[in-house]
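Everything below concerns the one structure shown next.
The values are calculated or read from the model by the stated rules, or taken from the named source; none is laboratory data. Because the structure is a prediction, the values reported are computed rather than measured. Positions of Cβ are generated from backbone atoms using ideal geometry, with glycine treated the same way; all protein chains shown enter the neighbour counts. Remember, those area values only see protein heavy atoms, side chains included, never the ligands or the DNA or RNA. Shrake-Rupley method; radii C 1.70, N 1.55, O 1.52, S 1.80 Å.
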Amino acid sequence: MSALILPFPRVRDRRFIRRHAAHMATASNTTKAEDHLQRQLTIQRETLQRRGVAADAIRAELQAIEENIRAACWRLLLAPGGAA
């Protein structure tokens with residue numbers, strides 16, 4: 001039996017998640033915020049593909065990254081001042 005191990009999963013990188021959530025939260029409009037998120041997901045997809053990660057694992061990791069960034073963004077928007 002074998003398992004895929006992502007040595008440094010981005011979803012666990014709290015600074016990465018917070019940085020991109022903050023960028024989205026401070027974007028001038030929702031289109032720019034969404035564009036930023038999609039760019040970051042594309043970068044992560046390309047990185048994982050170069051490392052030879054399986055497509056299913058990439059999809060799962062990207063979904064987790066997106067969910068975490070969106071959740072952190074909402075925390076920033078709903079509790080300004082750092083209560084998140």
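Structure notes:
- The structure shown yields Kirkwood radius over Cα pairs in Å, and of the options (1) 13.6; (2) 15.4; (3) 13.0 that calculated value carries the label (1).
- A protection proxy built from the mean count of other Cβ atoms within 10 Å ranks the segments 25-33, 63-71, 37-45, most packed first, as 63-71, 37-45, 25-33.
- Surface share of carbon and sulfur [accessible, 1.4 angstrom probe, percent] for the chain: 54 percent
- Residues of the chain: accessible area per residue with a 1.4 Å probe, Å²: 71 Å²
- Mean Cβ count within 10 Å, highest first, over the residues of peptides 53-62, 15-24: 15-24, 53-62
- Förster-model FRET efficiency, 30 Å R0, Gln49 and Leu78, C-beta, rounded to 0.05: 0.30
- Placing +1 on the Cβ of every Lys and Arg and -1 on the Cβ of every Asp and Glu, with no other charges, gives the chain a dipole of roughly 280 debye about its Cα centre.
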